[in-house]
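A.B. asks: I am attaching a structure below and will ask some questions about it afterwards.
The values are calculated or read from the model by the stated rules, or taken from the named source; none is laboratory data. Bear in mind that the values here come from a model prediction, so they are computed numbers and not experimental data. Note that we place each Cβ from the backbone using ideal geometry, even for glycine, and neighbour counts take in every protein chain shown.
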Amino acid sequence: MRETSAPHPNPLSAARGEGAPSRFGEFWRAYAQNRGAVAGLLIVGALIALAIGADVIAPHPPHEQYREFTLAPPVWHAGGSLRFILGTDPVGRDILSRLIHGTRLSLLIGAISVAISLTLGAVLGLVAGYFRGLVDTAIMRMMDVMLALPSLLLAIAVVAILGPGLVNAMYAIAIVLLPHYVRLTRAAVLAEAPREYVTSSRIAGAGALRLMFATILPNCAAPLIVQATLGFSNAILDAAALGFLGLGAQPPTPEWGSMLASALEFIQRAPWVVTFPGLAILVTVLAFNLMGDGLRDALDPKLRRSTA
Amino acid sequence: MLGFILRRLALIVPTFIGVTLLAFALIHLIPGDPVENISGERGMDPARRARLLHEFGLDRPLAVQYASYVGQVLHGDLGSSLTTHDSVAHEFATLFPATVELATFALLFAVLVGVPAGVLAAVKRNTFADYAVMGVSLTGYSMPIFWWALLLILFFSVQLGWTPVSGRIAVEYDIPAVTGFMLVDTLRAGDMAAFRSAVSHLILPTIALGTIPLAVIARMTRSAMLEVLREDYVRAARARGLPRWRVIVVHALRNASIPVITVVGLQVGLLLSGAILTETIFSWPGVGNWLIHGVQSRDYPVVQGGILLIAALVISVNLVVDLLYGVANPRIRHA
Amino acid sequence: MNELVVIEDLHVDFGTRARPLPAVEGLDLSIGEGEIVGLVGESGSGKSVTALALMNLVDFPGRVRVRRMSFAGRDLARIPDRERRALAGRDIAMIFQDPLGSLDPCYTVGYQLGEAIGLHGHADERVSAAARRERALALLREVEIADPAARLSAFPHQLSGGMAQRVMIAIAIAGRPRLLIADEPTTALDVTVQAQVLALLMRLRRERGMALLLITHDLAVVAETADRVVVMYAGQVMETGAVPTIFDAPLHPYTQALLDALPEHNLDRARLRTIAGVVPGAHDRPSGCLLAPRCAFAVDRCVAERPGIGAFGDATVRCHFPLGAR
């Protein structure tokens, strides 16, 4: 065969111009394909704004009791007024204001619980996956025990020990979430540790700490971020459950779960006391779940669920 | 197969030990004086306190206390409730069937609705049916279960009057508890009106408790089916001319059921968490309700015993699920 | 020769309507009764998709358009779906490249074989479990599996690749098909087993008068077994012709290049001859001849104008300047 003519220039390389698109740009494009995920992000953004500006946005102070207006119905019912758009609770507090302030609480609970749990979990997972042996076994057995208990049960046990209250509820939730992060990090470490870039770092003289935190951890970040987002929703649901059982936030704190605590007796007379706090929880958790799903699909193509 | 079973059994022993440690440690971690916590008496005079201290064995080294605790547990002695003075083990045994009945029906509901929904969503991918199923299930597990229960009560009991608000059976029926399962006992007693009452009381709690597992199972089934439907053997089955339903049910679903069974098993833990909340709302006389009252009234023997027993239960169920997984997936069996 | 299968102007597109990705473009194919046709091409040439289109297994987002796709005189594109499904497994059977992956891992060989027999077997074979078992054993013996009774209760993961492929063939012939499509049947197998499986296919075809569409990238396989060869490139048919003529005197430069790349034809060289360049991807399909970017003989006309199919006696070729015509 004679020499072939010079190969045609690859038309694709001409179009690319400056250089490969930034990693964040790629990530954002993948994320934005999922409309639900974008909606989740927007809702979370709105919630954060609500939480930050709660003092200004809420029409009434959350603890203020209007004795003449107990169990006032929402504005669209007969007897409702624009003064209390979503009605009032059994002691006359404005539900809308309490919900808005509750946003701040719920987001804080989620953020702090997840932060504590994630940090501790990542460290434990790194240690277990890196050092293996007895340390690994000990840590993982402890995690197995914690996972053997249903999450609410474990949270209740912790609260039983520490006593009821919002802060203790946060610790309890952090403990409940812990095994998931430990397992996740450990699995990622086990997958990454034998890889060449780790070995070459070690040969170059990197110590254990540096290897664990600077070399391996950044490569495990993606699944951890996804789990953190989904952990937010679990944290909010668990906090609400504890609040509902009277073991979490205590009255008069406007936490959404505790707002539902005494709702059963008013379910016939004043259903709005029941509906709105739960709706707030639902919307928030839904938003975080949508975000978490979107993050997972965008960050790890292997895990990408079959949409579109 | 036997080797597989024995291997799995061996794995759970350390977990059991860990759980007993946790339950044991609970009493000592709770703030306050352990003697007061265990006996329920406050402000005792020193002599009585010293005597009780010795009686409860709290003056011995911790390791010995733990050993003796484990010994007691293995004999079925979990102490007595501070409020009812009834044996914790006995109370648990009496109330447990109610929780099992509720959890079983909730799980059945979740599987019988969730699996077909997931299959439908997978087979009709990216159509309205798919989006509907996924949307509903996403909402389902984003809801706080106690709120959902309240909404159900609001709608079906208060507005429509179709179902009762609480309890296991209408107050006027007094059925001897032979098995502890109300549906079985009413049938044994031959009281059809009581049976119908028991059924109607079961409906809302089942739906409330089963919704989250349903959502999770539907999602898992859908994604497992989508994976399986892409597999070579599904294409080969279609190439053989097998009718569509056979390809979906006999071949695809059977293979997809493997991850689904794992998920179903994981739901048990979730069900027990949810049962605690559901029983509270519906005043369902099960162990969840019992445990919460124990925590709220600082009835520590109940809390300790309840946690131990429920944890043991979850571990056992996970073991059964593991074994079922071995049955479903021949490759694991021979590994 | 009776034409068992006639395909005229087959197009299979993936992608969206706005931007279609053609996998098969303007394909004509015919298979005679009892004939062995080799469908040859690189991966991505569209040969497997052609078979899937014939079997009605092209799923969304693939779209199939064809002027005529007839089997034993019936136009498959025009008959109702139900009737078309009835043909699969019975009149047309297909075996795939990965035999272990093509068997359901949760069911035994006996079960899956029994399924096919129960669906496509003769009435006396279907009538009872015992009858199905008898037929299953007979089929396994026919595909030269030793100790068939033991194999019936085996799970797929307990079989070797070669044995699994024989089981696939047994399942395929359970319905006594008139056409067997074999998509890369030996690619995933060891070399020694390859020859055995091919010999088996030849023997079955001889004994049953079954037509065989052998899809492969391996010219050597085709040279030994096929009656006629169809050469595909980037979704189009480049050349068809009878064996051994097409190998002795190929008409299309691509066919020639494929032959040149065979190790047997490179014994005097230090390095194998290759075909420079890559198969056109989805977005850079030439508007002229698809091979032009890589063809040693390409001239302006080739780049500008896409050649149509022309006949040369029994053979056909898609080239402005076929080799034999020089």
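A.B. asks: Let me spell it out: the conditions are (1) surrounded by fewer than 17 Cβ atoms within 10 Å (Cβ to Cβ); (2) within 14 Å of chain B (Cβ to nearest Cβ); (3) assigned to a loop (DSSP other than H, G, I, E, B), and residue C:83 meets all of them except one. Which number is the exception?
C.D. replies: In the conditions (1) surrounded by fewer than 17 Cβ atoms within 10 Å (Cβ to Cβ); (2) within 14 Å of chain B (Cβ to nearest Cβ); (3) assigned to a loop (DSSP other than H, G, I, E, B), residue C:83 misses (3) alone.
A.B. asks: Starting from residues that are of a type in the set (Asp, Glu) and in a helix (DSSP H, G or I), keep the ones in segment A:232-278 and report whichever is farthest from the other protein chains (Cβ to nearest Cβ).
C.D. replies: Step by step, filter segment A:232-278, then rank; the result is A:265.
A.B. asks: Here's a follow-up. Where residues in segment B:112-146 are polar (S, T, N, Q) and assigned to a helix (DSSP H, G or I), which of them is nearest to the other protein chains (Cβ to nearest Cβ)? Walk me through how you get there before you give the answer.
C.D. replies: Here is the first cut: in segment B:112-146, the ones polar (S, T, N, Q) are B:126-127, B:137, B:139, B:142.
Next cut, assigned to a helix (DSSP H, G or I) only: B:137, B:139.
Details: B:137: 11, B:139: 7 Å.
Checked segment B:112-146; the qualifying residue nearest to the other protein chains (Cβ to nearest Cβ) is B:139.
A.B. asks: Starting from segment C:11-26, take each residue that is assigned by TED's automatic domain parsing to the domain that holds residue C:289 and list its partners that are among the hydroxyl-bearing types (Ser, Thr, Tyr), counting only C-beta distances under 6 angstrom and pairs at least six apart or across chains.
C.D. replies: C:24/C:50
A.B. asks: Continuing with the same structure: Residues that are more than 14 Å from every other protein chain (Cβ to nearest Cβ), β-branched (Val, Ile, Thr) and either under 19 Å from residue B:111 (Cα atoms) or touching a residue at least 24 places away in the same chain (Cβ under 8 Å) (or both): does segment B:177-187 have at least one? If you could, list the steps in order and put the result at the bottom.
C.D. replies: Within segment B:177-187, the subset more than 14 Å from every other protein chain (Cβ to nearest Cβ) is B:177-187.
Okay, now just the ones that are also β-branched (Val, Ile, Thr), so B:178-179, B:184, B:186.
Add one more test, that the residue is either under 19 Å from residue B:111 (Cα atoms) or touching a residue at least 24 places away in the same chain (Cβ under 8 Å) (or both), and what stays is B:179.
Looking for residues that are more than 14 Å from every other protein chain (Cβ to nearest Cβ), β-branched (Val, Ile, Thr) and either under 19 Å from residue B:111 (Cα atoms) or touching a residue at least 24 places away in the same chain (Cβ under 8 Å) (or both), one finds at least one in segment B:177-187, hence yes.
A.B. asks: Looking only at segment C:145-181, filter to residues that are of a type outside the set (Gly, Ala, Ser) and surrounded by fewer than 17 Cβ atoms within 10 Å (Cβ to Cβ); which one of those is farthest from the chain's Cα centre (by Cα)?
C.D. replies: Start the filter on segment C:145-181 by keeping residues that are of a type outside the set (Gly, Ala, Ser), which leaves C:145, C:147-148, C:151-152, C:155-159, C:163, C:165-169, C:171, C:173, C:176-181.
Now restrict to residues that are surrounded by fewer than 17 Cβ atoms within 10 Å (Cβ to Cβ): C:147, C:157-158, C:176.
Values: C:147: 30, C:157: 26, C:158: 27, C:176: 18 Å.
Per the criteria, the residue is C:147.
A.B. asks: One residue is enough: does segment A:201-217 have a residue meeting the conditions of a type in the set (D, E, K, R) and farther than 30 Å from residue A:130 by Cβ? Walk me through it before giving the result.
C.D. replies: From segment A:201-217, those of a type in the set (D, E, K, R) are A:202, A:210; that's our starting set.
After this cut, where a residue has to be farther than 30 Å from residue A:130 by Cβ as well, the list is none.
For segment A:201-217, residues of a type in the set (D, E, K, R) and farther than 30 Å from residue A:130 by Cβ: absent.
A.B. asks: Here's a follow-up. Out of C:96, C:71, I need the residue that is in contact (Cβ under 8 Å) with a residue 60 or more places away in the chain, aromatic (Phe, Trp, Tyr), touching an Asp or Glu at 6+ places or on another chain (Cβ under 9 Å) and surrounded by fewer than 22 Cβ atoms within 10 Å (Cβ to Cβ). Which one? Before you say what the answer is, go through the steps one by one.
C.D. replies: Numbers: C:96 fails: surrounded by fewer than 22 Cβ atoms within 10 Å (Cβ to Cβ).
Unique residue meeting the criteria: C:71.
A.B. asks: Turning to a different aspect of this structure: Would it be correct to say that residue A:197 is surrounded by fewer than 15 Cβ atoms within 10 Å (Cβ to Cβ) and touching a helix residue (DSSP H, G or I) at 6+ places or on another chain (Cβ under 8 Å)? First the steps, then the outcome.
C.D. replies: Numbers: surrounded by fewer than 15 Cβ atoms within 10 Å (Cβ to Cβ): yes; touching a helix residue (DSSP H, G or I) at 6+ places or on another chain (Cβ under 8 Å): yes.
Criteria met by residue A:197.
A.B. asks: So, residue C:113, is that one within 14 Å of chain B (Cβ to nearest Cβ), on the phi < 0 side of the Ramachandran plot and surrounded by fewer than 20 Cβ atoms within 10 Å (Cβ to Cβ) or not?
C.D. replies: Details: within 14 Å of chain B (Cβ to nearest Cβ): yes; on the phi < 0 side of the Ramachandran plot: yes; surrounded by fewer than 20 Cβ atoms within 10 Å (Cβ to Cβ): no.
Judged against the criteria, residue C:113 is not a match.
A.B. asks: For segment C:280-317, name all the residues that are buried (at least 17 other Cβ atoms within 10 Å of the Cβ) and in contact (Cβ under 8 Å) with a residue 60 or more places away in the chain.
C.D. replies: Answer for segment C:280-317, where residues must be buried (at least 17 other Cβ atoms within 10 Å of the Cβ) and in contact (Cβ under 8 Å) with a residue 60 or more places away in the chain: C:315, C:316, C:317.
A.B. asks: For segment C:227-259, enumerate the residues that are surrounded by fewer than 24 Cβ atoms within 10 Å (Cβ to Cβ) and within 14 Å of chain A (Cβ to nearest Cβ).
C.D. replies: Of everything in segment C:227-259, those that are surrounded by fewer than 24 Cβ atoms within 10 Å (Cβ to Cβ) and within 14 Å of chain A (Cβ to nearest Cβ) turn out to be C:256, C:257, C:258, C:259.
A.B. asks: Inspect segment C:224-234 for any residue being charged (D, E, K, R) and at pLDDT below 90 and give the result as yes or no.
C.D. replies: The first filter runs over segment C:224-234 and keeps only residues charged (D, E, K, R), leaving C:224, C:227-228.
From what's left, at pLDDT below 90: C:224.
Within segment C:224-234 (the criterion being charged (D, E, K, R) and at pLDDT below 90), the answer is yes, since at least one residue qualifies.
A.B. asks: Give the residue, chosen from C:4, C:39, C:27, that is over 23 Å from residue C:220 (Cβ atoms), touching a helix residue (DSSP H, G or I) at 6+ places or on another chain (Cβ under 7 Å) and crowded, with 18+ Cβ neighbours inside 10 Å.
C.D. replies: On the way: C:4 fails: touching a helix residue (DSSP H, G or I) at 6+ places or on another chain (Cβ under 7 Å); C:39 fails: over 23 Å from residue C:220 (Cβ atoms).
Going through C:4, C:39, C:27 in turn, the sole match is C:27.
A.B. asks: Select from segment C:204-220 the residues that are of a type outside the set (A, V, I, L, M) and crowded, with 22+ Cβ neighbours inside 10 Å and list them in ascending order.
C.D. replies: In the first step, residues of segment C:204-220 are kept if they are of a type outside the set (A, V, I, L, M); the result is C:205-209, C:216-218.
C:216, the sole residue that qualifies.
A.B. asks: May I pose another question? Taking segment B:82-102, which residues are small (Gly, Ala, Ser) and in contact with a Ser or Thr (Cβ under 8 Å, 6 or more places away or on another chain)? It would help to see each step written out before you state the result.
C.D. replies: In the first step, residues of segment B:82-102 are kept if they are small (Gly, Ala, Ser); the result is B:87, B:89, B:93, B:98.
Passing the criteria: only B:87.
A.B. asks: Let me ask something else. Tally time: how many residues in segment C:116-157 are within 11 Å of another protein chain (Cβ to nearest Cβ), not aliphatic (A, V, I, L, M) and not in a helix (DSSP H, G or I)?
C.D. replies: 1
A.B. asks: Pull up segment B:7-24, narrow it to residues that are more than 8 Å from chain A (Cβ to nearest Cβ) and surrounded by 15 or more Cβ atoms within 10 Å (Cβ to Cβ), then point me to the one that is nearest to residue B:64 (Cα to Cα). Even if it seems obvious, please write down each step before you answer.
C.D. replies: Residues of segment B:7-24 more than 8 Å from chain A (Cβ to nearest Cβ): B:7-13, B:16-17, B:20, B:23-24.
Keeping just the survivors that are surrounded by 15 or more Cβ atoms within 10 Å (Cβ to Cβ) gives B:8, B:12, B:16, B:20, B:23-24.
On the way: B:8: 30, B:12: 24, B:16: 18, B:20: 14, B:23: 15, B:24: 12 Å.
This residue is B:24.
A.B. asks: Name every residue in segment B:166-177 that is surrounded by fewer than 17 Cβ atoms within 10 Å (Cβ to Cβ) and under 24 Å from the mean Cα position of the chain (by Cα), in order of residue number. Spell out the reasoning first.
C.D. replies: Going through segment B:166-177, the residues surrounded by fewer than 17 Cβ atoms within 10 Å (Cβ to Cβ) turn out to be B:166-167, B:170-174, B:176-177.
Result: B:166, B:167, B:177.
A.B. asks: Quick one: residue A:73 ticks every box in (1) assigned to a loop (DSSP other than H, G, I, E, B); (2) touching a helix residue (DSSP H, G or I) at 6+ places or on another chain (Cβ under 7 Å); (3) closer than 18 Å to residue A:256 by Cα bar one, so which box is it?
C.D. replies: With respect to (1) assigned to a loop (DSSP other than H, G, I, E, B); (2) touching a helix residue (DSSP H, G or I) at 6+ places or on another chain (Cβ under 7 Å); (3) closer than 18 Å to residue A:256 by Cα, residue A:73 is out only on (3).
A.B. asks: How many residues are within 18 Å of residue A:238 (Cα to Cα), surrounded by 23 or more Cβ atoms within 10 Å (Cβ to Cβ) and of a type in the set (Gly, Ala, Ser) if we restrict to segment A:88-131?
C.D. replies: Qualifying residue count for the region: 5.
A.B. asks: Output the number of residues of segment B:235-249 satisfying the condition of being under 17 Å from residue C:101 (Cα atoms) and at the interface with chain C (Cβ under 8 Å from one of its Cβ atoms).
C.D. replies: Here the count works out to 6.
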